[in-house]
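The values are calculated or read from the model by the stated rules, or taken from the named source; none is laboratory data. All of these numbers come straight from a predicted model, not from anything done at the bench. Note: ideal-geometry Cβ built from the backbone for every residue, glycine included; neighbour counts use all protein chains shown. Please note that ligands, DNA and RNA were not included when accessible areas were found on the heavy atoms of the full protein model with its side chains. Shrake-Rupley method; radii C 1.70, N 1.55, O 1.52, S 1.80 Å.
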Amino acid sequence: MNVLLVIPPDKHLIHRESVIPLGIAYINGSLRKSGINVISYNLNYVDGNLYEFLAKIISEEHIDVLLCGGTSYNYWGLKTVFDFAKKIKKNIITIGGGAGYTSNPNLFAEMTNPDFVVLGEGEITTCELIHCIEQGRSPENILGIMYKTSSGYLRNQDRPLIADINSIAFPSYEGFGVDKLFEDLNDYDDSAHFDYESVENPRVLPMLFGRSCPYGCKFCFHTIGRKYRARSLDNFFEELELLIDKYGLSGITIMDEFFGVKQDVIFEFCDRIQKYNLKWFAELRVDIINDALVERMKEAGCTNVLVGLESMDDDILLDMNKRISSEQSKIALEILYNHGINISGNFIAVTPKETLSSFYKSFDWWNRNRKYQIDFVHLQLCPGTEYYNGALNSGVICDERLFIEQGLPELNYSKLDNYEWDKVRRIIKLTRIDTVMHGKISILIKEGSDVRCILTCRHCNHKFEKIIGVKKGYEWKKYTYKCPICEHKSVYRLKDDSNIEFEREIFKQHIMNYEYGHYMSDWLTSKKYKKIILYGSGYNLILMRQEVEKAGLELIGVVYQDESQIKVYENSFYGNVISKEDLYECKDDVAVIICFTTEYNAIYQYLRNIGFSGKIDSMVNAILQHDYYIEENVW
């Protein structure tokens with residue numbers, strides 16, 4: 001019997017590392033170890049027509065069984081693969097597996113329509129199922145599967161978790177395009193998981209130290225159960241040595257949900273991995289992080305640590321069942337940062353208990369601690385999670401099938417009203433667009449196919465040299481580089497048009513404000529400003545003048561960013577024109593409103609440098625009705 005195992009195509013990969021899912025690699029290894037004749041392909045690396053590619057493989061390799069698996073996000077990829085397979089060969093047997101099926105068995109099976117479904121851990125189940133099919137036996141006694149009948153899917157008894165995970169075959173990357181993955185990693189600067197920039201010719205693969213997580217965070221679904229099972233160190237390092245020998249690895253990402261359950265094990269792990277001289281990534285809970293642990297991990301080659309933060313509001317953390325405190329997160333982040341470890345992590349917004357006040361607790365802390373470079377994400381309602389079930393029961397998800405077909409879109413499952421929800425989503429988007437944590441870049445010289453640049457670190461101001469290869473669109477690309485002194489990352493762009501998108505979002509918010517009765521004049525009044533100077537140009541000055549007048553404040557005058565406009569406008573609608581040089585004479589009771597969307601930092605620094613000592617605010621703050629630009633972020 002010939003079996004085809006494929007990774008489904010995914011045009012919306014969040015991270016390039018995800019192009020070879022570790023779960024499918026484990027199935028590949030188990031099939032091969034059990035003696036099954038398996039042919040493997042990564043459909044993300046198929047050039048040309050997917051249907052024609054599958055037709056050629058199924059015909060030439062005489063494929064009898066096709067396996068494909070993934071999450072609910074992979075719905076369209078899975079459906080396409082199974083539909084194509086049946087169209088190509090009517091009697092081919094199709095098998096689906098992965099989180100999409102385990103989290104929502106009946107509906108996801110009906111939507112993707114495979115002949116068999118593997119639920120939970122698939123290594124033993126998949127091999128048993130294929131041997132059963134090969135021998136022509138009934139599948140009714142195979143644990144952990146569903147199978148299609150004339151009256152629908154029948155579900156067998158669940159299979160217990162694999163107690164001894166040392167017995168599981170090592171994952172196999174055979175046929176999945178590892179060389180193509182490594183090639184991509186050499187030109188990949190936006191990773192959440194690994195510091196590729198610090199490794200010459202990065203060759204990095206994921207590994208699991210253990211399975212499952214005993215914690216029950218309400219936003220998380222555990223495909224392989226809640227009972228944590230760790231591999232022995234001997235078993236882990238046996239696999240590592242095989243991967244090094246076969247692929248010449250320069251690094252690994254440890255993809256455990258619960259790595260670091262015991263500190264003594266981490267210290268022993270560090271002792272054993274150090275001799276391989278690899279760069280590695282791991283995930284830690286903030287409540288176990290301390291100086292001694294992080295120092296040892298770094299000595300052993302750890303460059304990145306993922307921490308689950310989720311919120312800086314303790315009531316939200318309690319509702320999530322996160323079992324940590326905001327204070328523990330703050331301490332952990334400071335330790336990681338001070339040891340030069342690159343930090344990955346998220347704040348999850350719009351959870352069921354979220355209010356504008358709770359969101360601002362996280363946002364304001366983030367805004368004053370941008371050096372950690374934590375991301376904001378909207379709550380993803382993933383099938384199988386407690387939050388998903390709550391959204392379903394409350395009617396937030398009104399059509400489950402449509403919700404999956406639409407790619408699990410963002411929904412308002414919170415205490416925010418529609419205006420607040422839209423505003424929070426917009427602020428999250430702005431945090432991804434703005435350039436506050438960007439380093440400075442200047443072109444030293446262009447040499448043929450390379451551009452030699454001088455970069456200035458956003459964290460410590462150290463200047464260092466980098467060579468950027470000239471490729472199509474290279475000048476607009478975002479580059480993430482680590483400082484050789486402080487070891488922290490900054491983002492660099494040779495050219496940057498993010499201000500266009502940022503301004504577009506700001507004026508969307510301005511429109512929403514007027515629809516819901518929230519005006520910039522309210523913000524100015526709440527700040528108790530008395531005298532205002534507007535700094536900027538064009539339409540923004542007109543807009544802000546109107547709001548100043550509505551607030552009943554005294555408009556002293558206008559400073560033009562482009563002073564060549566002074567002669568044109570000095571006697572016009574804008575009123576009194578003040579030169580930049582005269583600003584230092586203004587008294588402390590005067591506030592300058594910067595009427596730009598993304599130039600706040602540079603103008604703020606200029607105003608302070610010329611001696612202006614009054615208050616400085618931003619049109620962006622007035623539109624958002626909340627401080628977005630703050631003094632702590634000026635560089």
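Exactly one of (1) in contact with a helix residue (DSSP H, G or I) (Cβ under 7 Å, 6 or more places away or on another chain); (2) in contact (Cβ under 8 Å) with a residue 24 or more places away in the chain; (3) surrounded by fewer than 22 Cβ atoms within 10 Å (Cβ to Cβ) is unmet by V577. Its number? So V577 meets the others, but not (2).
Q406 passes every criterion in (1) within 16 Å of Y73 (Cα to Cα); (2) under 19 Å from the mean Cα position of the chain (by Cα); (3) among the polar types (S, T, N, Q) apart from (2).
Conditions (1) out of contact with any Gly (no Cβ under 9 Å at 6 or more places or on another chain); (2) surrounded by 22 or more Cβ atoms within 10 Å (Cβ to Cβ), marked per residue:
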{"site": "G301", "(1), (2)": "no, no"}
{"site": "L309", "(1), (2)": "no, yes"}
{"site": "D315", "(1), (2)": "yes, no"}
{"site": "S326", "(1), (2)": "yes, no"}
{"site": "E334", "(1), (2)": "yes, no"}
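Taken over the stretch 275-299, the criterion of being in a helix (DSSP H, G or I) and either at pLDDT below 95 or surrounded by 20 or more Cβ atoms within 10 Å (Cβ to Cβ) (or both) is satisfied by V286, D287, I288, V294, M297.
Here is a yes/no grid of residues against (1) over 28 Å from L205 (Cα atoms); (2) open to solvent by 20 Å² or more (accessible area, probe 1.4 Å):
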residue	(1), (2)
Y26	no, no
G35	no, yes
L43	no, no
D64	yes, yes
C68	no, no
Y75	no, no
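If the condition is being free of Cβ contacts under 8 Å to residues at least 40 places away in the same chain, part of a strand (DSSP E or B) and buried (at least 24 other Cβ atoms within 10 Å of the Cβ), then the stretch 94-112 contributes I95, G96.
Residue count for the stretch 265-319 satisfying the condition of being within 19 Å of the chain's Cα centre (by Cα) and not β-branched (V, I, T): 13.
Condition check ((1) under 22 Å from G225 (Cα atoms); (2) within 30 Å of the chain's Cα centre (by Cα)) across all residues:
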{"position": "P9", "(1), (2)": "no, yes"}
{"position": "I27", "(1), (2)": "yes, yes"}
{"position": "L43", "(1), (2)": "no, yes"}
{"position": "E52", "(1), (2)": "no, no"}
{"position": "S59", "(1), (2)": "no, no"}
{"position": "I63", "(1), (2)": "no, no"}
{"position": "L78", "(1), (2)": "no, yes"}
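When the stretch 303-314 is filtered for residues that are touching a Ser or Thr at 6+ places or on another chain (Cβ under 7 Å) and over 19 Å from L293 (Cβ atoms), the ones remaining, listed by number, are S311, M312, D313, D314. Checking each residue in the stretch 592-606 for being more than 33 Å from the chain's Cα centre (by Cα) and crowded, with 22+ Cβ neighbours inside 10 Å picks out V592, I593.
For K227, the criteria (1) surrounded by fewer than 16 Cβ atoms within 10 Å (Cβ to Cβ); (2) modelled with pLDDT of 85 or more; (3) more than 26 Å from E299 (Cβ to Cβ) hold in every case but one, which is (2). Of everything in the stretch 178-193 that is open to solvent by less than 30 Å² (accessible area, probe 1.4 Å) and over 12 Å from S18 (Cβ atoms), the residue that is modelled with the lowest pLDDT is L185.
Highlighted here are the strands (runs of 3 or more DSSP E) found entirely within the stretch 539-635 that include at least 2 residues which are at pLDDT below 90 and over 30 Å from K361 (Cα atoms): 554-560. Does at least one position in the stretch 445-452 carry a residue that is small (G, A, S), more than 30 Å from G538 (Cα to Cα), at pLDDT below 95 and open to solvent by 60 Å² or more (accessible area, probe 1.4 Å)? Yes, the stretch 445-452 contains a residue that is small (G, A, S), more than 30 Å from G538 (Cα to Cα), at pLDDT below 95 and open to solvent by 60 Å² or more (accessible area, probe 1.4 Å). Just to be sure, is I145 open to solvent by less than 40 Å² (accessible area, probe 1.4 Å) and under 29 Å from Y228 (Cβ atoms)? Yes. Of all residues in the stretch 234-274, those being outside any loop (DSSP other than H, G, I, E, B) and open to solvent by 20 Å² or more (accessible area, probe 1.4 Å) number 16.
Note on the stretch 11-93: enclosed helices (runs of 4 or more DSSP H) holding 1 or more residues that are farther than 23 Å from M255 by Cβ and basic (K, R) are 50-60, 75-88.
Scanning the stretch 242-255 for residues that are within 16 Å of A300 (Cβ to Cβ) and free of Cβ contacts under 8 Å to residues at least 60 places away in the same chain yields a total of 6.
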